[in-house]
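A.B. asks: Have a look at this one before I ask anything.
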Amino acid sequence: MRHLLPMLLLGYAWGALAKQGGPDVWGYRWYDSEDTSIHAPVYKWIDITEKPNAVQVKLLADDNTRGPFAMNFDFHFYWYDVNTFWVGSNGYIIFEDAQYAAPFSAQVSQNLPNNFIGAFLNDLTFLGPNNPAECWYWISPTFDTLIVSWIKVPYFNTGFPGYTDSTNTFQLILSRVDNSITFQYRNTFPTSPYSGISFAGIENISGSVGLFWSNNPPSYPNQTPPDNYAIRFVYPAYDTVKVTDAGTHYADNPRTRGIFLIHNSSPYPLKAEIKNFGTQKLNPVAVVMNVKDPANGTPISTTVYTDTLYGSETEMVYSPFELVPSLVGRYKFNVITNYPGDIANKNNNKILEIIVIDTTQQEIELSYVPGINFAGSSINWVGDAGGIGLHFIPPFYPIAIKKLHFFITSNFFNSDFSAKIYDDDGINGLPFTLLDSVYVDNSTIVVNGWTTVTLNAPVIINSGGFYVSWNMEGEGIALGMATTPADVISRRSYEVFEYGWGIYRFGEDHDPMIKLTVEKYSYPVGSEAAPTEQLSMQIIPNPASIQTEVLIHMPANQRNCRLTIFSPQGQVVMQEHVGHGAGPRSKKLDVSSLPAGIYLAVLQTEAERIVKKFAITNGS
């Protein structure tokens with residue numbers, strides 16, 4: 001849930017002015033198309049679908065995002081610049097890999113997600129047969145305007161076809177010329193069946209500052225933005241507010257996602273990225289790093305310091321002590337920043353879940369909820385469809401997945417479920433290739449216990465990661481969610497609706513109770529041998545116009561591999577975490593929105609660096 005912050009942070013008055021609002025703490029104000037001031041927008045719908053280089057955003061579903069997409073210009077948002085974005089199915093763009101789903105609110109909150117621009121926040125859907133919904137974005141040839149349009153998007157509804165008859169058409173416009181944000185509403189329907197009225201607003205990177213359009217001006221009391229209406233958020237004339245905000249951006253990997261290590265394997269380096277989320281120069285920031293082991297001991301406790309950090313600057317810091325995985329079970333790597341005058345404490349702390357497994361046994365359990373046999377809560381979706389997925393990256397290869405286990409908490413209508421395994425070979429590491437699917441009849445389901453699904457044939461994983469999903473095949477069936485220990489969560493959970501996978505809305509607090517039984521796998525004599533120990537990279541096709549694929553071959557001794565794409569001007573336009581583990585893997589890159597030119601792909605590990613050129617011939 002999203003919580004109300006003190007009004008000092010909001011800097012916002014509800015309904016105090018009839019056609020304008022704000023300012024927030026930073027100084028943003030909003031004006032609507034009925035206002036008469038010089039800042040007021042004039043409603044004039046811009047049809048971008050026929051414009052050259054307009055891009056249709058494919059594979060939006062229900063509660064998911066697509067991206068990242070390059071803006072090809074720096075847009076000044078609060079006190080920092082953004083130049084890549086994700087598009088959300090629920091009427092927003094966001095400047096980091098996250099998703100916003102119900103419950104929606106017009107209150108600023110440090111609870112995730114943050115760093116978004118919401119034109120029409122509500123429970124929208126692109127799913128269902130003959131759904132008319134479309135989403136497009138367009139970047140001006142002068143690289144100073146971004147327009148994103150949601151066209152004929154209905155609200156989610158239960159029952160066939162899964163959406164309402166009423167639809168909504170709206171757009172947002174970002175202008176580099178004056179740093180303004182404009183929302184335009186062509187056709188809207190007042191309320192959705194499950195989330196009520198729609199909200200419109202902005203929130204900064206830490207969730208400490210934001211501004212929402214008031215849903216209670218005298219002209220339009222308690223309702224969604226109406227038809228033929230516009231709202232403009234105006235950037236302050238002067239950047240006068242001083243913001244002190246040091247925080248932990250992530251521990252170990254982006255989004256601080258849980259990892260597996262092998263018992264008694266090599267010591268593991270501990271690191272974290274620290275960020276200046278504010279405007280003020282920060283003197284060296286104290287960063288406390290400690291580790292709790294499965295026996296509740298503290299094998300590591302240390303404090304390190306960053307260099308001086310300027311606004312929006314980041315620095316990777318390392319513990320002088322590495323983690324020795326000497327015990328089997330769950331470790332907790334805790335990173336905390338301490339800085340005087342920090343206004344946003346919520347982003348100070350990140351905790352990484354580290355699961356150490358015993359690989360000497362024939363059957364090996366992969367689980368983000370080890371030893372947990374009761375559910376703190378449960379999840380099911382309105383209607384008879386929907387699911388939950390988990391991303392796994394094993395600590396050794398090759399592995400054979402033999403069994404899947406699901407903790408079912410209730411099944412009121414004796415419904416079935418299906419279990420699926422996907423390769424993470426989709427764009428940006430999302431699921432794509434279906435590796436196996438098993439339909440589970442209700443007669444075999446254990447309620448308030450673990451239901452075991454034995455695969456007909458093992459699924460062999462040679463490199464990279466994979467996804468496992470639990471999918472409802474009827475109403476009233478619920479999957480258990482682990483909520484203890486409350487501060488140790490994998491952050492690898494996803495909501496699943498047909499082909500759409502979105503980051504789970506409660507993934508910071510809950511872990512799905514899904515686990516696997518795997519075994520070490522050995523190829524038969526005479527079959528394809530293990531990959532050669534050489535780092536390599538290929539880009540196919542080259543040149544590319546819509547999508548290209550980066551083929552990477554990783555040796556076992558390479559770690560912390562990252563792929564970065566640089567524009568002809570030297571700007572970072574894409575960045576992907578490749579991970580570690582021997583074997584081939586691939587990264588599919590959407591280049592349809594990038595202008596033509598010669599780009600650089602840089603593959604960087606802790607020990608080696610490879611650079612290759614590739615060409616984009618048509619950015620449309």
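The values are calculated or read from the model by the stated rules, or taken from the named source; none is laboratory data. Everything quoted here is computed from the prediction, not taken from an experiment. No Cβ is skipped: glycine too gets one built from the backbone with ideal geometry, and neighbour counts run over all protein chains shown. For the accessible areas, the whole protein counts, side chains as well, though only heavy atoms, and no ligand, DNA or RNA atoms are used. Shrake-Rupley method; radii C 1.70, N 1.55, O 1.52, S 1.80 Å.
A.B. asks: Would you point out the residue of region 307-321, among those that are hydrophobic (A, V, I, L, M, F, W, C) and open to solvent by less than 20 Å² (accessible area, probe 1.4 Å), that is farthest from residue 269 (Cα to Cα)?
C.D. replies: Step one: list which residues in region 307-321 are hydrophobic (A, V, I, L, M, F, W, C), which gives 309, 316-317, 321.
Still in the running and open to solvent by less than 20 Å² (accessible area, probe 1.4 Å): 309, 317.
On the way: 309: 23, 317: 11 Å.
Among those residues, the one meeting the criterion is 309.
A.B. asks: Which is more than 30 Å from residue 389 (Cβ to Cβ) and touching a helix residue (DSSP H, G or I) at 6+ places or on another chain (Cβ under 9 Å), of 337, 306, 298, 302? I'd like the intermediate steps shown before the answer.
C.D. replies: Details: 306 fails: touching a helix residue (DSSP H, G or I) at 6+ places or on another chain (Cβ under 9 Å); 298 fails: touching a helix residue (DSSP H, G or I) at 6+ places or on another chain (Cβ under 9 Å); 302 fails: touching a helix residue (DSSP H, G or I) at 6+ places or on another chain (Cβ under 9 Å).
Among 337, 306, 298, 302, only 337 is more than 30 Å from residue 389 (Cβ to Cβ) and touching a helix residue (DSSP H, G or I) at 6+ places or on another chain (Cβ under 9 Å).
A.B. asks: Related question: Look through 194, 238, 250 and report the one residue that is open to solvent by 10 Å² or more (accessible area, probe 1.4 Å), of a type in the set (Phe, Trp, Tyr), in contact (Cβ under 8 Å) with a residue 24 or more places away in the chain and not in a loop (DSSP other than H, G, I, E, B). Steps first, please.
C.D. replies: Values: 194 fails: not in a loop (DSSP other than H, G, I, E, B); 238 fails: not in a loop (DSSP other than H, G, I, E, B).
Selected residue: 250, the only one of 194, 238, 250 that is open to solvent by 10 Å² or more (accessible area, probe 1.4 Å), of a type in the set (Phe, Trp, Tyr), in contact (Cβ under 8 Å) with a residue 24 or more places away in the chain and not in a loop (DSSP other than H, G, I, E, B).
A.B. asks: Also, quick follow-up: I'd like the full set of residues that are under 19 Å from residue 330 (Cα atoms) and buried (at least 22 other Cβ atoms within 10 Å of the Cβ), limited to region 393-408.
C.D. replies: 394
A.B. asks: Could you check region 554-567 and list, in sequence order, the residues that are surrounded by fewer than 20 Cβ atoms within 10 Å (Cβ to Cβ), modelled with pLDDT of 80 or more and of a type outside the set (Ser, Thr, Tyr)?
C.D. replies: Residues satisfying the conditions are 562, 563, 566.
A.B. asks: Further, regarding this structure: Looking at (1) surrounded by 15 or more Cβ atoms within 10 Å (Cβ to Cβ); (2) assigned to a loop (DSSP other than H, G, I, E, B), can you tell me which one residue 264 breaks?
C.D. replies: Only one criterion in (1) surrounded by 15 or more Cβ atoms within 10 Å (Cβ to Cβ); (2) assigned to a loop (DSSP other than H, G, I, E, B) is unmet by residue 264, namely (1).
A.B. asks: Could you identify the single residue in 8, 17 that is modelled with pLDDT under 90, more than 20 Å from residue 176 (Cα to Cα) and either within 28 Å of the chain's Cα centre (by Cα) or part of a loop (DSSP other than H, G, I, E, B) (or both)?
C.D. replies: Values: 8 fails: either within 28 Å of the chain's Cα centre (by Cα) or part of a loop (DSSP other than H, G, I, E, B) (or both).
It is 17.
A.B. asks: Still on this structure, please answer the following. Which number in (1) in contact (Cβ under 8 Å) with a residue 40 or more places away in the chain; (2) under 21 Å from residue 495 (Cβ atoms); (3) touching a strand residue (DSSP E or B) at 6+ places or on another chain (Cβ under 8 Å) marks the one condition that residue 158 misses?
C.D. replies: With respect to (1) in contact (Cβ under 8 Å) with a residue 40 or more places away in the chain; (2) under 21 Å from residue 495 (Cβ atoms); (3) touching a strand residue (DSSP E or B) at 6+ places or on another chain (Cβ under 8 Å), residue 158 is out only on (3).
A.B. asks: Within the set of pairs 6 or more residues apart or between chains, which connect a residue that is among the small types (Gly, Ala, Ser) inside region 421-440 to a residue that is assigned to a loop (DSSP other than H, G, I, E, B) and at pLDDT below 95 with Cβ atoms less than 9 Å apart?
C.D. replies: 426/432; 426/433; 429/464; 429/465
Quick grid of which residues meet (1) basic (Lys, Arg); (2) closer than 30 Å to residue 177 by Cβ:
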| residue | (1), (2) |
| --- | --- |
| 233 | no, yes |
| 240 | no, yes |
| 250 | no, no |
| 256 | no, no |
| 271 | yes, no |
| 279 | no, yes |
| 285 | no, no |
| 306 | no, no |
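A.B. asks: Would you pick out the residues in region 393-431 that are under 23 Å from the mean Cα position of the chain (by Cα), β-branched (Val, Ile, Thr) and closer than 28 Å to residue 520 by Cβ?
C.D. replies: Within region 393-431, 393, 421 meet the criteria.
A.B. asks: Within region 509-524, which residues are part of a strand (DSSP E or B) and among the hydrophobic types (A, V, I, L, M, F, W, C)? Write out each step before concluding.
C.D. replies: Just the residues of region 509-524 that are part of a strand (DSSP E or B), to begin with: 511-512, 514-520.
If the condition is that a residue be part of a strand (DSSP E or B) and among the hydrophobic types (A, V, I, L, M, F, W, C), then 514, 516, 518 are the ones that fit.
A.B. asks: Return yes or no: is residue 205 modelled with pLDDT of 90 or more, open to solvent by 10 Å² or more (accessible area, probe 1.4 Å) and in a strand (DSSP E or B)?
C.D. replies: On the way: modelled with pLDDT of 90 or more: yes; open to solvent by 10 Å² or more (accessible area, probe 1.4 Å): yes; in a strand (DSSP E or B): no.
No.
A.B. asks: Determine, yes or no, whether residue 479 is over 23 Å from residue 158 (Cα atoms) and either part of a strand (DSSP E or B) or open to solvent by less than 10 Å² (accessible area, probe 1.4 Å) (or both). Spell out how you get there, then give the answer.
C.D. replies: Working: over 23 Å from residue 158 (Cα atoms): no; either part of a strand (DSSP E or B) or open to solvent by less than 10 Å² (accessible area, probe 1.4 Å) (or both): yes.
Answer is no for this residue.
A.B. asks: Another question, then. Please give the number of the condition residue 501 fails out of (1) touching a Phe, Trp or Tyr at 6+ places or on another chain (Cβ under 8 Å); (2) under 25 Å from residue 364 (Cβ atoms); (3) open to solvent by less than 40 Å² (accessible area, probe 1.4 Å).
C.D. replies: Of everything listed in (1) touching a Phe, Trp or Tyr at 6+ places or on another chain (Cβ under 8 Å); (2) under 25 Å from residue 364 (Cβ atoms); (3) open to solvent by less than 40 Å² (accessible area, probe 1.4 Å), residue 501 misses just condition (2).
A.B. asks: Turning to a different aspect of this structure: Looking at the structure I just gave you, is residue 417 in a strand (DSSP E or B), of a type in the set (A, V, I, L, M, F, W, C), in contact (Cβ under 8 Å) with a residue 24 or more places away in the chain and crowded, with 16+ Cβ neighbours inside 10 Å? Quick ask: steps written out before the conclusion?
C.D. replies: Values: in a strand (DSSP E or B): yes; of a type in the set (A, V, I, L, M, F, W, C): yes; in contact (Cβ under 8 Å) with a residue 24 or more places away in the chain: yes; crowded, with 16+ Cβ neighbours inside 10 Å: yes.
So residue 417 passes the test.
A.B. asks: Among the strands (runs of 3 or more DSSP E) confined wholly to region 363-402, which include 1 or more residues that are touching a strand residue (DSSP E or B) at 6+ places or on another chain (Cβ under 7 Å) and more than 19 Å from residue 438 (Cα to Cα)?
C.D. replies: Values: elements: 364-367, 377-379, 387-392.
Output list reads 364-367, 377-379.
A.B. asks: Would you point out which residue out of 304, 288 is more than 30 Å from residue 506 (Cβ to Cβ), modelled with pLDDT of 95 or more and open to solvent by 10 Å² or more (accessible area, probe 1.4 Å)?
C.D. replies: Values: 288 fails: more than 30 Å from residue 506 (Cβ to Cβ).
Being more than 30 Å from residue 506 (Cβ to Cβ), modelled with pLDDT of 95 or more and open to solvent by 10 Å² or more (accessible area, probe 1.4 Å) holds for just one of 304, 288, which is 304.
A.B. asks: Suppose we keep only residues that are open to solvent by 70 Å² or more (accessible area, probe 1.4 Å) and either part of a strand (DSSP E or B) or touching a helix residue (DSSP H, G or I) at 6+ places or on another chain (Cβ under 8 Å) (or both) within region 432-465. Which one would you say is farthest from residue 523 (Cα to Cα)?
C.D. replies: 439
A.B. asks: Give the residue, chosen from 282, 390, that is open to solvent by less than 20 Å² (accessible area, probe 1.4 Å), closer than 30 Å to residue 81 by Cβ and at pLDDT 95 or above. Working first, answer last.
C.D. replies: On the way: 390 fails: closer than 30 Å to residue 81 by Cβ.
Being open to solvent by less than 20 Å² (accessible area, probe 1.4 Å), closer than 30 Å to residue 81 by Cβ and at pLDDT 95 or above holds for just one of 282, 390, which is 282.
A.B. asks: What are the residue pairs meeting all of these: first residue in region 337-366, first residue over 25 Å from residue 319 (Cα atoms), second residue open to solvent by 80 Å² or more (accessible area, probe 1.4 Å) and assigned to a strand (DSSP E or B), Cβ atoms under 6 Å, and 6 or more apart or on different chains?
C.D. replies: none
A.B. asks: Then there is this: Can you name every residue in region 330-350 that is part of a strand (DSSP E or B) and either under 16 Å from residue 268 (Cβ atoms) or of a type in the set (S, T, N, Q) (or both)? Step through it out loud before you land on a result.
C.D. replies: Quick first cut of region 330-350, residues part of a strand (DSSP E or B) only: 330-338, 349-350.
Scanning region 330-350 gives 330, 331, 332, 333, 334, 335, 337, 338, 349.
A.B. asks: Then there is this: For residue 74, state whether it is out of contact with any Phe, Trp or Tyr (no Cβ under 8 Å at 6 or more places or on another chain) and open to solvent by 10 Å² or more (accessible area, probe 1.4 Å).
C.D. replies: Values: out of contact with any Phe, Trp or Tyr (no Cβ under 8 Å at 6 or more places or on another chain): yes; open to solvent by 10 Å² or more (accessible area, probe 1.4 Å): yes.
Here the answer is yes, as residue 74 does meet what is asked.
Conditions (1) free of Cβ contacts under 8 Å to residues at least 60 places away in the same chain; (2) among the polar types (S, T, N, Q); (3) touching a Gly at 6+ places or on another chain (Cβ under 9 Å); (4) surrounded by fewer than 21 Cβ atoms within 10 Å (Cβ to Cβ), marked per residue:
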site	(1), (2), (3), (4)
106	no, no, yes, no
120	no, no, yes, no
126	no, no, yes, no
147	no, no, no, no
154	yes, no, yes, no
162	no, no, yes, yes
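One line per residue, one yes/no per condition, for (1) at pLDDT 90 or above; (2) under 19 Å from residue 490 (Cβ atoms):
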{"position": "321", "(1), (2)": "yes, no"}
{"position": "340", "(1), (2)": "yes, no"}
{"position": "353", "(1), (2)": "yes, yes"}
{"position": "356", "(1), (2)": "yes, yes"}
{"position": "359", "(1), (2)": "yes, no"}
{"position": "363", "(1), (2)": "yes, no"}
{"position": "372", "(1), (2)": "no, yes"}
{"position": "375", "(1), (2)": "no, yes"}
{"position": "379", "(1), (2)": "yes, yes"}
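A.B. asks: Quick check on region 157-173: of everything there that is aromatic (Phe, Trp, Tyr) and at pLDDT below 95, which residue is nearest to residue 233 (Cα to Cα)? Full working, then the answer.
C.D. replies: First, the residues of region 157-173 that are aromatic (Phe, Trp, Tyr): 160, 163, 170.
Checking the rest, the ones that are also at pLDDT below 95 come to 160, 163.
Details: 160: 38, 163: 31 Å.
Going through the qualifying residues, I end up with 163.
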